[in-house]
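Quick notes on the structure that follows.
Coordinate-derived values only; no laboratory data. This one's a predicted model, so the numbers in the text were calculated from it and none came from an experiment. Because the Cβ atoms are built from the backbone with ideal geometry, glycine has one as well, and the counts that use them run over all protein chains shown.
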Amino acid sequence: SPIYASGTSTSVADAGAADVNALDDAGRAAIHLAARGGHVGCLAALSQAGADLNQPTAKGNSAVAVAAKHRQWDALGVLLASGARGDARALLHASLKEEGAAGAEARAKLREAGALEQDWSDGVSALMLGGASGDAAVVTRLLGLRADPNVADHNGLTPLHYCADKGA
């Protein structure tokens, strides 16, 4: 049976031989529920117990995307620090749309985890996505956050190539 994230326990040791990656009836694993609720202790315990940090929900959302969507910045930081692969589009969208102190916190978590320069599974960084969007404000904001404009994708293209192509 699935392990559900109660948010009150930081140990999954008592779960015995339970499958930490089992899905509930809605197609979510415990890692997704913990990410949604911002239960950082539970996320750390699930990671230590061998939970697949990159397992998608039935709808295809990663735990990182779930944490970003629900503005759980501490959970996002724990997931990225534990080796979860980020969904570049979800992270870029969430961090740049969030204003004020919460936005600064979100961007700090991404920067601390190296997410702004991370080589995403599709070979595209957040800055490349910003450049490809043609939105100069997004590019300027990411550069202000010290995103590296020299990181190249699998085709040797840098964010500057993406910006030039879109006129950003």
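Take 130-142, 50-62 and order them by the average number of nearby Cβ atoms within 10 Å per residue, most first; the result is 130-142, 50-62. Packing, as the average of other Cβ atoms within 10 Å across residues, places the peptides 26-36, 148-158 in the order 26-36, 148-158, highest first. What does the C-alpha gyration tensor say about the overall shape of the range 27-78? Classify as rounded when a/c is under 1.5, otherwise prolate if a/b is larger than b/c, or oblate. Cα axes put the range 27-78 in the oblate bin. Rounded to the nearest Hz, the phi-derived 3J(HN,Hα) couplings of the range 26-34 under the Karplus curve 6.51 cos²θ - 1.76 cosθ + 1.60 (θ = phi - 60°) are 8, x, 10, 9, 4, 4, 6, 5, 5, where x marks glycine and proline.
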